[in-house]
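Read the structure below first, then the notes.
The values are calculated or read from the model by the stated rules, or taken from the named source; none is laboratory data. The structure presented is a predicted model; accordingly, all values stated were derived computationally and were not measured. As a convention, Cβ positions derive from the backbone with ideal geometry for all residues, glycine included, and neighbour counts pool all protein chains shown.
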Amino acid sequence: MAETQTFLRALRERLMYLIAVLLILLIPLIFFSFGSGLIEKVAKKIPLREGNFSGAGGVLKVERPAAPR
Amino acid sequence: MPRTLICGHSRSASIFLTTVLFFMMAFLLVGGNRNNAGMMQASLVYLVFMTVLAYLLFRSGRVHRYRSIFFSVYAIAFVLNFIPILLETRGHIALTGRDIANLDTPLCHLTIPMLILPGLVYGVLIFPTKLFANMGFYPMLFLWLGATVVLGKGWCSWGCFYGGLDEFFSKLLPKRIVSSRKFNYSLRWFPFALLLVIVVWSFLALDPVYCGWLCPFKAVTEFVQPTNWLIWVQTGIFVVLFLGLVVVLPLLMKRRTQCGLFCPFGAFQSFVGLANPYRVRIDKEKCNQCGACVDQCPTFAITRETLAKNKVSITCARCGRCMEICPRDAIQFSLLGVPLRGHDARKPGFLSEVFRPDSLFTFGALLFGAVISGGMAAQVLLRFVHLARTGSFLFR
Amino acid sequence: MLAAAGKALLLGLATGLFCLGTCAPVLAPLMLGEERKGLWPLLLPFLQFSLGRLLAYAVVGAVAGWAGAGAAPVLTPRRVGASFLALAALMLLYGLKGGFPGWRLCRLAAPLLARLRAPFWFGLLLGFNACPPFLAAMADVFLHGHVAYGLAFFLVFFLVTTLFLLPLVLLGRLSRYLSLRAVGQWAAVIVGVFYLLAGLRLLIP
Ligand code: SF4
Ligand code: SF4
């Protein structure tokens with residue numbers, strides 16, 4: 001019993017260190033994907049549009065879309 | 001003040017960590033500028049600067065000191081670059097109605113919590129920016145997601161291009177002028193209240209109200225051109241908030257008052273940053289409750305109450321200050337699920353020194369910080385060269 | 001309706017956090033009785049308690065909406081502005097001072113109710129608790145002057161505050177709520193400033 005517990009604890013620690021190293025390796029991937037067009041590809045699937053701003057007098061205002069009642 | 005006990009790395013481990021970091025930074029900083037000789041040279045200079053900082057940081061263990069230099073340089077470079085870019089591309093700093101209608105406003109991460117709800121419910125972006133532009137919505141969102149996974153709340157000490165400003169001012173004076181002995185620490189919950197209010201309010205008004213009314217950094221980036229008294233009031237608010245929270249209070253208190261007591265994005269990041277596995281933990285075996293850290297934490301994240309429970313608040317920005325001044329080496333960066341070992345109790349040996357939670361965290365944070373700041377820093381360097389040659393800070 | 005929900009959400013968050021901070025210490029022993037084990041014996045008193053609160057809120061919402069409908073003709077912008085200012089003052093005082101001495105309705109009534117062991121009545125009384133954010137909610141409904149609006153408003157208000165109470169009851173973790181309470185107080189301060197500006201805007205033409 002105690003043995004399995006020590007084993008599991010050691011396993012968990014290893015796993016956390018693995019995650020830590022993977023996080024570091026993730027950083028270059030993040031910055032690379034900026035030039036790669038990956039963001040555009042994924043984001044095109046998201047139904048989000050740009051706002052429509054009247055801009056009169058420099059006031060930020062969105063034309064309120066029909067509220068789902 | 002008692003002798004401080006700071007835990008750096010052995011020379012061999014420091015050299016190893018710095019070398020690996022150097023190659024990764026070089027790959028990302030210089031590699032991205034292969035087509036532009038000027039930017040490439042400037043990036044090389046910045047690369048050397050960051051490498052030296054990284055070595056000093058690893059060797060001495062003074063995470064806070066060397067991070068602070070990097071962070072301040074980054075924020076100042078951001079401001080020095082942002083305003084000229086506006087002048088070059090738009091011809092003016094202040095936003096006009098035309099710029100807004102054209103969606104020509106660059107987005108910053110501070111708006112993200114306000115954009116989520118309206119985006120989900122109405123499917124519309126309530127900030128006048130383009131979805132895919134360089135400083136538009138999706139690139140910023142993606143960057144923030146990445147930063148949240150890699151740095152968590154550490155964003156506020158390693159990634160945010162505003163944070164370095166109040167860090168810079170909090171470092172300027174050698175001595176504290178206003179003591180914080182009687183400070184009301186419940187103020188550190190104010191950003192959470194502000195977050196709550198602006199998220200709900202922005203959703204109701206379909207307008208990112210924080211940007212319109214409260215953001216202190218308008219004063220050093222861009223703001224709506226004052227055409228009527230209401231906009232003059234807004235502009236007045238920005239200036240007062242900036243001078244008060246980013247300049248005067250940090251100077252007097254030697255704390256990051258904007259980040260610790262105001263910034264609603266910081267509050268947001270405190271929550272979402274829990275996705276990152278690093279924490280700052282206090283070793284209860286070692287801590288003798290001296291309270292040095294309470295007095296020093298730049299973001300007010302350690303109080304007498306949290307210390308009594310050997311905890312830091314979730315507002316901790318992973319800045320490294322407390323571990324630098326703790327006289328008993330009781331505070332450390334740690335990995336969730338890995339017990340606190342203490343720097344001195346570790347097995348001796350090269351590998352176990354490289355694979356220390358704090359080494360891994362600072363390594364990743366330095367890499368992220370260097371890359372995200374690299375372009376700006378290099379451009380500002382080039383601007384100075386340009387200034388010396390032609391007498392103009394603008395390229396065009 | 002959506003706007004009502006949002007405002008109710010905000011006020012509910014502000015007051016819910018505060019109620020918790022004040023009432024949790026008295027609420028907890030009532031809810032987590034001595035030898036209650038299992039989910040149901042834990043949940044039952046909480047449900048009774050919630051029912052009491054819901055009832056109180058519904059009554060307040062409907063009455064405020066109804067009264068507002070009657071009062072609509074006499075509500076000049078000037079008077080609305082003045083009442084906003086009064087509300088702002090209350091909210092600021094409440095947020096900055098952390099409640100009023102002698103305003104602790106639930107603390108006063110708690111020993112009595114705790115002895116009665118009647119969560120329903122406890123909830124009902126707490127539902128009528130007149131702390132400033134609650135007054136602000138009432139004022140908002142009043143100014144709108146619709147019974148349906150009032151009911152909807154207070155329904156959301158109820159849901160949000162319940163959201164805060166639920167984990168407390170299920171987990172019995174009190175310590176966390178002191179910081180939540182601080183958040184609630186600061187939210188009250190900000191909402192107070194908001195009312196201040198809204199009032200001034202109505203008063204200054
Ligand atoms: S953690 Fe260190 S600095 Fe803070 S009270 Fe304990 S011993 Fe002192
Ligand atoms: S708790 Fe320590 S690491 Fe966290 S913000 Fe405060 S001083 Fe920095």
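Filtering segment B:275-309 to residues that are closer than 30 Å to B:Leu145 by Cα and away from ligand 2 (no atom under 14 Å from the Cβ) leaves B:Ala275, B:Pro277.
Matching residues to (1) at pLDDT 80 or above; (2) not in a loop (DSSP other than H, G, I, E, B):
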site	(1), (2)
A:Val21	yes, yes
A:Leu26	yes, yes
A:Phe31	yes, yes
A:Glu40	yes, yes
A:Lys45	yes, no
A:Ala66	no, no
A:Arg69	no, no
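When each of B:Leu107, B:Leu86, B:Leu131 is tested for being out of contact with any His (no Cβ under 9 Å at 6 or more places or on another chain) and either assigned to a helix (DSSP H, G or I) or farther than 30 Å from B:Pro298 by Cβ (or both), the lone residue that passes is B:Leu131. Among the residues of segment B:59-89, those identified as under 14 Å from B:Leu394 (Cα atoms) and either among the polar types (S, T, N, Q) or in the same structural domain as B:Gly320 (by TED's automatic domain parsing) (or both) are B:Asn81, B:Thr89. Of the residues making up segment B:264-295, those that are more than 18 Å from the chain's Cα centre (by Cα) and assigned to a helix (DSSP H, G or I) are B:Ala292, B:Cys293, B:Val294, B:Asp295. Among the conditions (1) buried (at least 19 other Cβ atoms within 10 Å of the Cβ); (2) facing chain A (nearest Cβ under 8 Å); (3) assigned to a helix (DSSP H, G or I), the only one that B:Phe142 does not satisfy is (1). Checked against (1) crowded, with 17+ Cβ neighbours inside 10 Å; (2) over 28 Å from B:Ala77 (Cβ atoms); (3) touching a residue at least 24 places away in the same chain (Cβ under 8 Å), B:Trp213 passes all but a single condition, namely (2). With respect to (1) surrounded by fewer than 19 Cβ atoms within 10 Å (Cβ to Cβ); (2) within 25 Å of the chain's Cα centre (by Cα); (3) within 22 Å of B:Glu353 (Cα to Cα), the lone exception for B:Gly337 is condition (2).
Of the residues making up segment B:300-319, at least one is in a loop (DSSP other than H, G, I, E, B), touching a residue at least 24 places away in the same chain (Cβ under 8 Å), buried (at least 23 other Cβ atoms within 10 Å of the Cβ) and within 14 Å of chain A (Cβ to nearest Cβ). For B:Pro264, the conditions (1) at pLDDT 90 or above; (2) within 14 Å of chain A (Cβ to nearest Cβ) are fulfilled apart from (2).
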